[in-house]
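J.: My structure is below; once you've seen it, I'll send some questions.
The values are calculated or read from the model by the stated rules, or taken from the named source; none is laboratory data. Bear in mind the structure is a predicted one, so any value in this text is a computation, not a measurement. A quick note on method: Cβ atoms are made from the backbone with ideal geometry, for glycine too, and the neighbour counts reach across all protein chains shown.
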């Protein structure tokens, strides 16, 4: 591990916990990801509301004999049970949406990220990174290497012991700073701040 006036070089191994933190940090910092998420859930909500309205409209158009039987089987809306049933009928679709969102964010997304980390040997290998004022070079014990000018990145953000570099394409790269001293971490921040906007 060393540093020069023109830049610095350091090494790290990315843990699964850091990989998950980096993915969450990138989603919070990226306006593009937030917009995509908002549009996705707005379209889901709109679709469910349209479906719910169509089902209610169809129920109101039942033949008189069928409608009479249907109404007689329903609990009166003037009773507490009837009011509860009416309330559930109104807010039901939104409860379903909230349940699906919680399941997706708290369950499926972390499971998918863990699967990606464990499946990719590069993520579990030793990294060596060289930072300069013009570029970043990365070498991996799994046999991969890359060198990129800073203009391919959109910006960077920092979380607990990690730095996330975000590409213009929407992809991102995570670096661990946990093994660096406070002075070395400050030097990394200085190079990144001079090269890229902080998100």
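J.: For segment 24-38, give me the residue count where each residue is buried (at least 19 other Cβ atoms within 10 Å of the Cβ) and modelled with pLDDT of 85 or more.
T.: Here the count works out to 2.
J.: Please state which one of 171, 178, 149 is surrounded by fewer than 18 Cβ atoms within 10 Å (Cβ to Cβ) and under 15 Å from residue 12 (Cα atoms).
T.: 178
J.: Follow-up. Tally time: how many residues in segment 155-168 are surrounded by 14 or more Cβ atoms within 10 Å (Cβ to Cβ), touching a strand residue (DSSP E or B) at 6+ places or on another chain (Cβ under 7 Å) and part of a strand (DSSP E or B)?
T.: 8
J.: Right, here's the next one. Kindly indicate the residue of segment 176-185 that is out of contact with any helix residue (DSSP H, G or I) (no Cβ under 8 Å at 6 or more places or on another chain) and not in a loop (DSSP other than H, G, I, E, B) and also farthest from residue 124 (Cα to Cα) among those meeting that condition.
T.: Ranking the qualifying residues of segment 176-185, first place goes to 183.
J.: Limited to segment 107-154, what total is found for residues that are touching a helix residue (DSSP H, G or I) at 6+ places or on another chain (Cβ under 8 Å), within 22 Å of residue 24 (Cα to Cα) and assigned to a loop (DSSP other than H, G, I, E, B)?
T.: Adding up the residues that qualify gives 2.
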